[in-house]
Amino acid sequence: MMKILAMMAAATLVAQPLAAQGTTAINAEEAAVRSVLTQYKSAIERLDATGTERLFTADSTIFETGGVEGSYSNYLAKHLGPELGHFKSFKFSDYKVDVHLLGPAAAHAIETYKYRIETKSGEVVERLGVATSVLEKENGQWKVAMMHNSGRKPKAQ
């Protein structure tokens with residue numbers, strides 16, 4: 001956690017502004033960050049998280065709805081993986097993401113969405129969701145270093 005905070009602080013002090021890289025370079029970096037998040041979201045919708053470990057740093061930290069899940073590999077093994085096995089479907093809608101580059105190797109993203117889960121037993125869960133993620137560039141690849149997601153019931157219409 002301290003590594004992430006230090007990285008974010010250092011990124012704000014970077015003397016080389018991203019604007020100097022040009023709009024094309026900035027757009028490509030933002031697209032690469034979006035791609036990581038889209039790949040993760042798509043895996044959840046497929047109910048198959050196989051290979052998603054490559055989207056996260058080894059020392060990542062995951063927070064979900066008030067809980068500290070530990071690293072992504074821990075979260076996948078003890079929470080997400082088993083949970084996906086109980087679902088018949090998981091669908092996102094109204095998905096929006098804002099990406100903010102913090103420097104040449106750091107970014108954060110804010111995702112908002114709705115999601116609908118149908119369990120194998122027939123239970124349906126509908127929620128409004130939000131996720132905030134800190135990503136870092138590792139060996140030329142964007143990876144999630146920290147993710148915090150939560151959901152709540154939509155207000156009755």
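Only the coordinates and a few stated rules stand behind these numbers; no lab work does. None of the values given here were measured: they were computed from a predicted structure. Note that we place each Cβ from the backbone using ideal geometry, even for glycine, and neighbour counts take in every protein chain shown.
Values for this structure:
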read-out	value
Value at 222 nm in deg cm²/dmol, rounded to 500, when DSSP H runs of n ≥ 4 in the chain each add -39,500 (n - 2.57)	-8000 deg cm²/dmol
At R0 = 25 Å, FRET efficiency that the Cβ-Cβ distance of K88 and A156 yields, to 0.05	0.50
DSSP loop trypsin sites (Lys or Arg not before Pro) with at most 14 other Cβ within 10 Å excluded, longest remaining stretch of the chain	1-119
Local net charge near N27, Cβ-Cβ under 15 Å (Lys/Arg +1, Asp/Glu -1)	-2
In the chain, lysine pairs with alpha-carbon atoms under 18 angstrom apart (chain gap of 8 or more, or interchain)	15
Whole-Hz ³J(HN,Hα) from phi, Karplus 6.51 cos²θ - 1.76 cosθ + 1.60, for the stretch 113-118, glycine and proline x	5, 10, 9, 10, 10, 10
Low-density loop positions, GluC sites (Glu not before Pro), the stretch 47-140 - DSSP coil, at most 16 other Cβ in 10 Å	E123
Length-normalised contact order for the stretch 17-125 - Cα pairs under 8 Å, 6+ apart - percent	23 percent
On Cα atoms only, tilt of 23-46 relative to the major axis of the chain in degrees	20 degrees
